[in-house]
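First up is the structure itself, then whatever we jot down about it.
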Amino acid sequence: MDFLKTLNTLIAFALSTFILLNSCKKTIDDGGIKTGGCTDINSPFYDSIADYDDASCTYAYINQYEITYYPEINPNATWPFTSWDITGTGADADLELKIIEYDSSNYFFSSPVIDNQSPNSPCFWTSSNNEKLYNKRYHWEIYDRDAGPLDNDFIDSGSFNPILIGVNGKVTTFGKHPPENRTQLVLHYEIGT
């Protein structure tokens, strides 16, 4: 009889332990709820925690290019010829802007020349194609373009990733000259699908 009593006690203990352990076990059930968002890294609104693309992606399209400053004095010129154009004429640089995707051979923007542009006044070019910006590196160059090919002068250049630095419809980037002589390029963009 003692054997049956001990066996019943062991069975009861095992059963109660099993019930106790299973009742404390936590199960995680998200109910199948997933987070939707933009999963395209080329969108300024990319959401890294989204589980699926919910078709909410919008993109940045350039509508205007702006040089807001360039150095007044040509850093590569020798005295007394320190201006961008012919000394004594009072003429400023004739600006041409080129932008290319980094490690590419094709410029996606090559501006017309704007003659006699003051170094301290904004200079604007309108985008004819509303070029889409991607999450990649771009390189830009600004030149003083004059009548003869030997008169053309390199002014400044820089590089940027627009998706990383774009804020409130603007991508602002600076040239490589020291801070007191840095050229500033601003890309104005609109958001669209």
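The values are calculated or read from the model by the stated rules, or taken from the named source; none is laboratory data. Because the structure is predicted, anything quoted here is derived from the model rather than measured. Don't worry about glycine lacking a Cβ; one is built from the backbone with ideal geometry, like all the others, and counts go over all protein chains shown.
This table checks each residue for (1) farther than 21 Å from P71 by Cβ; (2) touching a strand residue (DSSP E or B) at 6+ places or on another chain (Cβ under 9 Å).
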{"residue": "N161", "(1), (2)": "yes, yes"}
{"residue": "V167", "(1), (2)": "yes, no"}
{"residue": "H177", "(1), (2)": "no, yes"}
{"residue": "T193", "(1), (2)": "yes, yes"}
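Matching residues to (1) out of contact with any Lys or Arg (no Cβ under 9 Å at 6 or more places or on another chain); (2) at pLDDT 85 or above; (3) exposed (fewer than 14 other Cβ atoms within 10 Å of the Cβ); (4) closer than 18 Å to D146 by Cα:
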position	(1), (2), (3), (4)
D47	yes, yes, no, no
N76	yes, no, yes, yes
G88	yes, no, yes, yes
L97	yes, yes, no, yes
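Here's a check for you: in the stretch 49-60, which residue that is in a strand (DSSP E or B) and either surrounded by fewer than 17 Cβ atoms within 10 Å (Cβ to Cβ) or modelled with pLDDT under 95 (or both) is farthest from the chain's Cα centre (by Cα)?
Filtering first and then ranking leaves Y52.
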Could you figure out which of (1) of a type in the set (S, T, Y); (2) under 16 Å from F154 (Cβ atoms); (3) at pLDDT below 85 isn't true of T27? (2)
Taking strands (runs of 3 or more DSSP E) that fall entirely within the stretch 129-193, which contain at least 3 residues that are crowded, with 19+ Cβ neighbours inside 10 Å? 138-144, 153-160, 184-192
